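See below for the structure under consideration.
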Amino acid sequence: MQEKINLIRSEILEKIDSFDSSRALYEFRKLFLDNKEGKISLLMKGLKDVPKEDRPAAGKSINELKNWALSLFEEYDARIHKLELEKKIAGEAVDVTEPAVKRRAGALHPNTMVQNELIDIFSAMGFEIYEGSEIETDYYNFTALNTPEDHPARDMQDTFYLSPGFLLRTQTSAGQIHVMEKSRPPIKILSPGKVFRSDDDATHSPMFSQMEGLVVDRGISLCDLQGMLDLFSEKIFGQGVKTRLRPSYFPFTEPSVEVDVSCFECGGKGCKLCKGTGWIEVLGAGVVNRHVLENCGIDPDEYTGFAFGMGVERIAMLKYGINNIKVLFESDTRFAEQFRD
Ligand code: DAH
């Protein structure tokens, strides 16, 4: 009997150290301590075959073996549990030094950024915002702006007609008439919005955005326009940028001018952006034609005004060095993200 006991002991001691999961240890424990089939339990059962006089001593030895095995397995089980727990905790540990996963944040479209910037600049100068409507009548878009039906200037803008007399506005200038019909001078409005022309190439899109300005009061002259433009150009294109006016023609202004700014890329020396001229054309403007004032019931002998209109995409393209207007309308979020400030 003692031999069998010693054998079981050494069998247990030989392997007990080699388990790293409580599950495996449990299976090993079962080999010895399972109530039915465990080797120690079977020894207990075999007691009945031991000669009677040896039975108490043998029973005692088996009991000692059982208690020894129980406490040994308990000790190892606790040890493995502890290791398992430590492993689990280590696996769940948060490494606070690990770089965070970057979230993709949205970005404003460069056109929106420029539009917002223009609105901020003119609002600071006291301009109020007037948003007209994209569908206009022929009268507001052309006739009242001193461009009657047979006027050659209508050919300057290829118009999308919706039905006779109704069209998609070709210019935000249409808003000037609405404002002057509804209010009396002093008037100082800025009218941003979409305009439409049947025009499509690398620098033209059938839909684009304009920003219209109108100032009407007593004694307004071209000098006021020039002064305002100087301020505006420095704010939008940078310190030191100058403006120059070139004679031009628009039916609704007299005189009419084309406004250039000195090239903010090369400082006026001549480069690719300004095509070697040192100047970049940015907008059209002029003194409001007296017929336009009359059309709106404003006395041109008492009041005068200036107006200007610019393409927002054009300003955005100049400011950010974009050479194809199409990328502004492709809705590629990667494009907008490049301009995040
Ligand atoms: N409406 C003109 C255009 O679309 C731009 C313009 C020029 C607006 C002169 C004005 C202006 O108010 O005075 O080409």
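Quick notes
- Kirkwood hydrodynamic radius (C-alpha pairs) into Stokes-Einstein, segment 110-337, 37 °C and 0.692 mPa s, D in µm²/s: 181
- In this structure the amide hydrogen of residue 256, modeled in the peptide plane, comes within under 5 Å of the amide hydrogens of 248, 250, none closer than 5 places in sequence on its chain.
- Most mobile of 114, 101, 257 in a GNM of the chain (Cα contacts under 10 Å): 101
- Two-site FRET efficiency, residue 181 against residue 326, from Cβ-Cβ distance with R₀ of 30 Å, rounded to 0.05: 0.20
- Full-stretch length increase - residue 6, residue 291 - with 0.36 nm per residue and alpha-carbon distance subtracted: 90.4 nm
- Proximal lysines to residue 319, defined as alpha-carbon separation beneath 19 angstrom and excluding residues fewer than eight positions away on the same chain: 235, 242, 269, 272, 275
- Relative contact order of the chain, defined on C-alpha pairs under 8 angstrom at six or more residues apart (%): 15
- Computed from phi, the 3J(HN,Hα) profile of segment 244-250 under the Karplus parametrisation 6.51, -1.76, 1.60 (θ = phi - 60°) reads 9, 9, 10, x, 8, 9, 9 Hz, with x in place of Gly and Pro.
- Looking at segment 237-291, none of the GluC sites (Glu not before Pro) sits in a DSSP loop with at most 12 other Cβ atoms within 10 Å of its own Cβ.
- Compared with the direct C-alpha span, the chain from residue 207 to residue 135 gains 24.6 nm at full extension, assuming 0.36 nm per residue.
- Inter-label distance, nm, simple model (7 Å from Cα along the C-beta direction), residue 30/residue 271: 8.1
- Segment 2-91: proportion of alpha-carbon pairs further apart than 23 angstrom, %: 31
- Relative contact order of segment 6-76: 23 percent, from C-alpha pairs under 8 Å at least 6 residues apart in sequence.
- Residue pairs, from the table 30/88; 182/326; 36/82, whose Cα atoms sit over 28 Å apart: 182/326; 36/82
- Working note: Debye formula, equal point scatterers on the alpha-carbon atoms of segment 145-264, no solvent; log10 I(q)/I(0) at q = 0.14, 0.16 Å⁻¹ is -0.76, -1.00.
- Mean Kyte hydropathy of 0.0 or more with a Cα span along the axis of at least 15 Å, helices from DSSP in the chain: 22-33, 110-124, 222-237
- Under 17 Å from the residue 17 label point (7 Å along Cα→beta-carbon), backbone N, segment 71-94: 72-73, 75-77, 79-80
Every number here is computed from the coordinates shown, using simple stated rules; none is lab data. Bear in mind that the values here come from a model prediction, so they are computed numbers and not experimental data. So basically every Cβ, Gly included, is an ideal-geometry build from the backbone, and we count neighbours across all protein chains shown.
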